[in-house]
Amino acid sequence: MSNDRVYIFDTTLRDGEQSPGASMNTGEKLRLATQLEKLGVDVIEAGFPAASEGDFEAVSRIAQKLTQCEVAGLARASKHDIDRAWGAVQHAAKPKIHTFIATSDIHLEYKLKMSREEVLKNAVEAVKYAKSFTDSVEFSAEDGSRSDRDFLCKIFGAAIEAGATVVNLPDTVGYAIPSEFGELVRYVIENTPNMHKAILSVHCHNDLGLATANTIAAISNGARQAEVTINGIGERAGNTSLEEVVMAIHTRGNYLPVNTNIQTQYIHPSSRLVSMITGMMVQPNKAIVGANAFAHEAGIHQDGMLKNPMTYEIMRPETVGLNRSTLVLGKHSGRHALRSRLKDMGYDLSDEELKMVFERFKDLADKKKHVVDEDLEVIVTEGILRIADIFKLEYIHVTCGNTVMPMASIKMSINGRSVKDADYGNGPIDAAFNAIAKLTGAESELLRFSVSALTGGTDAQGEVTVRLRENGLMALGKGADPDIITASAKAYINGLNRLEYLKTHPVETREML
Ligand code: KIV
Ligand code: ZN
């Protein structure tokens, strides 16, 4: 195992999915997993199979589909969870079990009500049990950064002896400071028995905005696996963002003489896909993937850029897949060109699916001169990945203006049955939402509503995000269309579908972790 290789363990589908409102259905998870494999991650943590039937099903479908990267299932340190994790990943080309138990005194006393000796015994048994199924076993010491460092070394040493190939040190509550965390990593490497037989991994949360800095400090001090998510999504303030760690390594090779297997040109498309599927927008000033990450506003900067881009740009946008010259499709493009473009993007569609996408593509090409990858991604996400939706929009007609009372007539299908109604509102979007609420009986509260443009140009599709809450459940919804009122209606309906999904697929993950 080469010492300058940093393994990228992606947990967008597990910790990322724990972001409030960011639930994904199985089709969406499969699509994202395919994209992550193309991006070149080494491990995909596909979910927590013991958490729900839905999680189990998604992890096993992903395990059966992927051929290149390891597919991990998360399990608490119990036989039941490990059986579920193995049940889900067993058919993977490269299966992995990731088992964990908390090690900090505060977790032991208040959460687990166990002594250190009991936790140690439990961890060893869990690793041995997982090892009876597969060679590839990772052990995590939850709340590791707040654990006694000698106990940490002891439990890691015991886990390695029991067969763990990776031991993971999480900063579960995002409490660490980079210099402190780097020093802890060095201490663990130097004081854990047989550390050379395993990889030391880190998993940081972003509660103080330090997840990337902590991960980089850990790598500088010898950690060789980084657990990350696309766009940094995850529990509370999120996890370390994949793109930030990868591009820090890529850009600062002089300071960080290590490498990853990430194909950086797929970073931006992966980021777009995650935000489209989860409904979580990326903040415009987000490093690497934010809309402004490569935008130069100040005149003096623009002047420098024209003379030599390196004056103000430390990375080229095309390195992360922005401004890459993609094949642009237009209304004269045929089915064959569309299939081939979709294949390049990672979609292998059946003839029937292609027919449906082609029809929507032609529709869009009539309204918009150039159809680019982002547009196609929306068509497939809305048309295929969300196929199991209960609520679907069939048509929307709105009258508005400064002299009429805005009114919307909506026709929807609800569980395959067509229904229609109309309502008024303060504006056309309000009217559309009122009509949809009437038809669906929705009682959710609209917490957030935002509109942006999917691509450049006045004919760009408007992209709308809504955040809904009902009885403690929270869901994000996303919709895109050249017409922003239609995009809003689609987003609202998507949010309602996600709420329905949450009602019927209860996930106990939050209580379990
Ligand atoms: O944050 C954490 O500690 C985790 C573990 C399960 C690795 O997500
Ligand atoms: Zn975590």
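The values are calculated or read from the model by the stated rules, or taken from the named source; none is laboratory data. Bear in mind the structure is a predicted one, so any value in this text is a computation, not a measurement. So basically every Cβ, Gly included, is an ideal-geometry build from the backbone, and we count neighbours across all protein chains shown. SASA here: full protein model, heavy atoms, side chains in, ligands and nucleic acids out. Shrake-Rupley method; radii C 1.70, N 1.55, O 1.52, S 1.80 Å.
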Within segment 336-362, take every residue that is in a helix (DSSP H, G or I) and open to solvent by 90 Å² or more (accessible area, probe 1.4 Å) and give me the one that is nearest to Gly321 (Cα to Cα). Asp344
Those residues of segment 137-162 which are away from ligand 1 (no atom under 16 Å from the Cβ) and closer than 15 Å to Ala198 by Cα, in sequence order: Cys153, Lys154, Gly157, Ala158, Ile160, Glu161, Ala162
Can Lys94 be described as in contact (Cβ under 8 Å) with a residue 12 or more places away in the chain, more than 16 Å from ligand 1 (Cβ to nearest atom) and in contact with a strand residue (DSSP E or B) (Cβ under 7 Å, 6 or more places away or on another chain)? yes
Residues that are more than 16 Å from ligand 2 (Cβ to nearest atom), closer than 19 Å to Leu74 by Cβ and surrounded by fewer than 24 Cβ atoms within 10 Å (Cβ to Cβ): does segment 170-178 have at least one? no
Do we find that Val173 is of a type outside the set (Ser, Thr, Tyr) and part of a loop (DSSP other than H, G, I, E, B) in this structure? yes
Give the residue that is farthest from ligand 1 (Cβ to nearest atom), with candidates limited to residues of segment 60-76 that are open to solvent by less than 20 Å² (accessible area, probe 1.4 Å) and in a loop (DSSP other than H, G, I, E, B). Leu66
Six or more apart or on different chains, Cβ under 8 Å: which pairs go from a residue in segment 292-316 that's in contact (Cβ under 8 Å) with a residue 12 or more places away in the chain to one that's open to solvent by 100 Å² or more (accessible area, probe 1.4 Å) and part of a helix (DSSP H, G or I)? Could you list them? Met315/His250
Pull out all pairs, ordered by first then second residue, where Cβ-Cβ is under 6 Å, the residues are six or more apart or on different chains, the first lies in segment 228-249 and is not assigned by TED's automatic domain parsing to the domain that holds Asn168, and the second is basic (Lys, Arg) and open to solvent by less than 10 Å² (accessible area, probe 1.4 Å). none
Residue in segment 273-286 that is over 18 Å from the mean Cα position of the chain (by Cα), modelled with pLDDT under 95 and in a loop (DSSP other than H, G, I, E, B) present: yes
Determine, yes or no, whether Lys111 is open to solvent by 40 Å² or more (accessible area, probe 1.4 Å), within 16 Å of ligand 2 (Cβ to nearest atom) and not hydrophobic (A, V, I, L, M, F, W, C). yes
Failed condition for Arg31, given (1) within 14 Å of the chain's Cα centre (by Cα); (2) at pLDDT 95 or above, with all others met? (2)
Of the listed residues (Ala217, Ala213), the one being of a type in the set (Gly, Ala, Ser), more than 16 Å from ligand 1 (Cβ to nearest atom), open to solvent by 30 Å² or more (accessible area, probe 1.4 Å) and part of a helix (DSSP H, G or I) is Ala213
Residues satisfying the stated conditions in segment 438-469, i.e. without any contact (Cβ under 8 Å) to a residue 12 or more places away in the chain and either among the hydroxyl-bearing types (Ser, Thr, Tyr) or touching a Ser or Thr at 6+ places or on another chain (Cβ under 9 Å) (or both): Thr458
Out of the residues in segment 55-98 meeting the condition of being touching a Phe, Trp or Tyr at 6+ places or on another chain (Cβ under 6 Å) and within 16 Å of ligand 2 (Cβ to nearest atom), tell me which one is farthest from Thr172 (Cα to Cα). Asp55
Leu39: surrounded by 24 or more Cβ atoms within 10 Å (Cβ to Cβ), out of contact with any Cys (no Cβ under 6 Å at 6 or more places or on another chain) and in the same structural domain as Tyr266 (by TED's automatic domain parsing), yes or no? yes
How about segment 401-426: which of its residues are surrounded by fewer than 16 Cβ atoms within 10 Å (Cβ to Cβ), on the phi < 0 side of the Ramachandran plot and assigned to a loop (DSSP other than H, G, I, E, B)? Asn402, Thr403, Val404, Met405, Asn426
Test: residue in segment 299-314 that is assigned by TED's automatic domain parsing to the domain that holds Leu36, open to solvent by 70 Å² or more (accessible area, probe 1.4 Å) and out of contact with any Cys (no Cβ under 7 Å at 6 or more places or on another chain): no
Segment 4-18 residues that are at pLDDT 95 or above, paired with ones that are within 11 Å of ligand 2 (Cβ to nearest atom) and open to solvent by 10 Å² or more (accessible area, probe 1.4 Å) (beta carbon under 7 Å, 6 or more apart): Asp15/Glu235
